[in-house]
Amino acid sequence: RMRTHGSYKENMRTIALLAAIGAASAFAPAGVLPSSLQRPGARCSNVVAQQQRHGAEGTDAYTLRLREASGMARVLQALPSAAVLSQLAMPIQQAAAANAEYGLLEGKGVALVHPAMMFTLYMTTLYTGYQGLKWRELRTMGDDMKPLQVQVKAIEAKIAAAGEEADTSAMAAQLAPLKAELDGKSTTRKELMAGGYRDKHWALSSTILASGVAFSIEGATDTYFRVGKLFPGPHLYAGAGITILWAVAAALVPKMQKGEDWARTAHIGINVAILGLFSWQLPTGFDILTKVWAKVPWTPIAQAIVK
């Protein structure tokens, strides 16, 4: 463990030294003037040719040309230094991420947070979808009741116009089932209103959006803590797609509140796609969970010290 820590410090000192050298070289005097900044008759590769003043060139133009050439050359000199430093730094950074440098963050306890939260969010998604459908049923029930109300009022008007002496039994027989259906819908509507499905749906949807985005990123971060890299594949791609679709579904809410039916239909369709991707992730997620349970230690620091 001490040997690993000492090696890590030596690597960091080397990176700092190379960074200082790269910064110094970036601001060194320009050695070669890019040919695109020179006139056709003065494209030379030596410093003397760069500083030569052309016959028809004024003082201000000559000064500006030298200044532009010097600045461009500095930028071009900085690029190789940055490229070398990036290649030196990245392997060291990846190795440090998989060597128990993060302590308990690399342990099994933190690794189990992501699958536990995702399973909770999956079940919450099912329940939130149920609440959303109930809220949609309540919202559309008024439109379903309007034709029945029109029919009931029309028959009642005919019975009233016929008078007490006329035989209205046929119309009454026609009115009875319509009123029974209308009363049933009115009762169901009151029960749905008492359930508060709209507020519950909004509250849980907000929780899913916040928790889902947070723990999607947490899952990828935890994988990097433990092994020093990510594993592109179906599970990662599906998770990224779900995270994007959560944001798109939430972005449709303002249009839904304004009564746009296309936004409501798109919102439902997107959430069906989310549920499908979520369900498709379960087998791969369970496979990853079994590997984590079998291979990841609870206390990586203690095991690294023992070794």
Here's a check for you: in the stretch 189-208, which residue that is in contact (Cβ under 8 Å) with a residue 60 or more places away in the chain and closer than 23 Å to Ala251 by Cβ is least open to solvent (accessible area, probe 1.4 Å)? Ile208
Show the residue pairs that are 6+ apart or on different chains and have beta-carbon atoms under 6 Å apart, the first residue being within the stretch 128-156 and more than 17 Å from Gly184 (Cα to Cα), the second being among the basic types (Lys, Arg) and surrounded by 11 or more Cβ atoms within 10 Å (Cβ to Cβ). Gln131/Lys200; Trp135/Arg198
Please tell me if Asp183 is closer than 16 Å to Pro115 by Cβ and among the charged types (D, E, K, R). no
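So that you can scan it fast, the table gives a plain yes or no per residue for (1) at pLDDT below 90; (2) open to solvent by less than 50 Å² (accessible area, probe 1.4 Å); (3) among the polar types (S, T, N, Q); (4) in a loop (DSSP other than H, G, I, E, B):
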| position | (1), (2), (3), (4) |
| --- | --- |
| Met118 | no, yes, no, no |
| Leu121 | no, yes, no, no |
| Thr124 | no, yes, yes, no |
| Ile159 | yes, yes, no, no |
| Glu164 | yes, no, no, yes |
Would you pick out the residues in the stretch 182-236 that are acidic (Asp, Glu) and within 30 Å of Pro147 (Cα to Cα)? Asp183, Glu191, Asp199
State whether one or more residues within the stretch 228-238 are open to solvent by 40 Å² or more (accessible area, probe 1.4 Å), basic (Lys, Arg) and part of a helix (DSSP H, G or I). no
Of Ser186, Ser216, Ser211, which residue is open to solvent by less than 50 Å² (accessible area, probe 1.4 Å), assigned to a helix (DSSP H, G or I), hydroxyl-bearing (Ser, Thr, Tyr) and free of Cβ contacts under 8 Å to residues at least 40 places away in the same chain? Ser216
Given the conditions (1) surrounded by fewer than 17 Cβ atoms within 10 Å (Cβ to Cβ); (2) over 19 Å from the mean Cα position of the chain (by Cα); (3) among the β-branched types (Val, Ile, Thr), and given that Ile288 satisfies all but one, which numbered condition is not satisfied? (1)
Would you say Trp293 is touching a Gly at 6+ places or on another chain (Cβ under 6 Å) and either assigned to a helix (DSSP H, G or I) or not small (Gly, Ala, Ser) (or both)? no
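The values are calculated or read from the model by the stated rules, or taken from the named source; none is laboratory data. In this text, all values refer to a predicted model and were calculated from it rather than measured experimentally. Every residue, glycine as well, gets a Cβ built from its backbone with ideal geometry; the counts of neighbours run over all protein chains shown. Surface areas here come from the heavy atoms of the whole protein model, side chains and all, with no ligands, DNA or RNA. Shrake-Rupley method; radii C 1.70, N 1.55, O 1.52, S 1.80 Å.
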